[in-house]
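The values are calculated or read from the model by the stated rules, or taken from the named source; none is laboratory data. Predicted model only: the values in this text are computed from it and were never measured. We place every Cβ from the backbone using ideal geometry, glycine too, and count neighbours over all the protein chains shown.
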Amino acid sequence: MKKYAKLLALGLFSVALATAPVVTSVYAAPDSDPPPSDSKKKKKSEVTRPGSEETAFAAGYRAAYAAIYQRGEYASAIDQLKSLHRDDTAAVANLIGYSYRKLGDYKVSQIWYERALKSDPNHVKTWQYYGLWQVEQGNRDQAQYHLNRIAALAGTSSEEYRSLSAALEKAPGTGLVY
């Protein structure tokens, strides 16, 4: 009997280890923090120092974030984000898409959301914002698909899930603005 208990414990431990990478790859953290640099692109001799490129990027990202969420300066934030030369990262591309959506340029916004998801298919904030884009466009089935992706990635209690779910609960054509 003890042998089976040990086998069961070992099996459960193995399952826990096997699923751990799935849990750690979720990107539900607030996008107010700049995305991490790609360590593969850096040389070993490169060290992040105050005043370095990485620090300048973080400061620029936070400034653009503040322009978007605190002051509603979407056009200037787009310029700030593009000047960082990191628009191939999901967090940056998502904020650019969000800014274009807030400016009413839905076609360009869609391009940026898709670019963000191409960069990182698990970027929860992009699934949320692109889902809200879908709701605003009247594509409720697509928005539901985005909601399901968020549930799979971050769970149904996440802020991203609750936000998109609330938007889907509203009647179509009620002048939604997100």
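Some points to look at:
- Among the candidates 117, 132, 168, 164, residue that is in a helix (DSSP H, G or I) and touching a strand residue (DSSP E or B) at 6+ places or on another chain (Cβ under 8 Å): 117
- Test: residue in the range 52-74 that is modelled with pLDDT under 95 and not in a helix (DSSP H, G or I): yes
For every residue, the table says whether it meets (1) outside the structural domain of residue 155 (by TED's automatic domain parsing); (2) without any contact (Cβ under 8 Å) to a residue 24 or more places away in the chain; (3) more than 19 Å from residue 151 (Cα to Cα); (4) touching a Gly at 6+ places or on another chain (Cβ under 8 Å).
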position	(1), (2), (3), (4)
80	yes, yes, yes, yes
86	yes, no, yes, no
92	yes, no, yes, no
97	yes, no, yes, no
109	yes, no, yes, yes
113	yes, yes, no, yes
126	no, no, no, yes
130	no, no, no, yes
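- If you go through the range 135-175 and keep only what is over 17 Å from residue 124 (Cα atoms) and either in contact with a Gly (Cβ under 7 Å, 6 or more places away or on another chain) or charged (D, E, K, R) (or both), you end up with 136, 140, 141, 169, 170, 172.
- In the condition set (1) among the charged types (D, E, K, R); (2) touching a residue at least 24 places away in the same chain (Cβ under 8 Å); (3) within 20 Å of residue 64 (Cβ to Cβ), residue 136 is compliant with all but (3).
- Filter result for residue 170 (loosely packed, with under 14 Cβ neighbours inside 10 Å and free of Cβ contacts under 8 Å to residues at least 40 places away in the same chain): yes
- Taken together, the criteria exclude residue 94 from residues that are modelled with pLDDT of 95 or more, surrounded by 14 or more Cβ atoms within 10 Å (Cβ to Cβ), in contact with a Leu (Cβ under 6 Å, 6 or more places away or on another chain) and within 23 Å of residue 158 (Cβ to Cβ).
- Test result for residue 156, over 20 Å from residue 72 (Cβ atoms), at pLDDT 95 or above and in a helix (DSSP H, G or I): no
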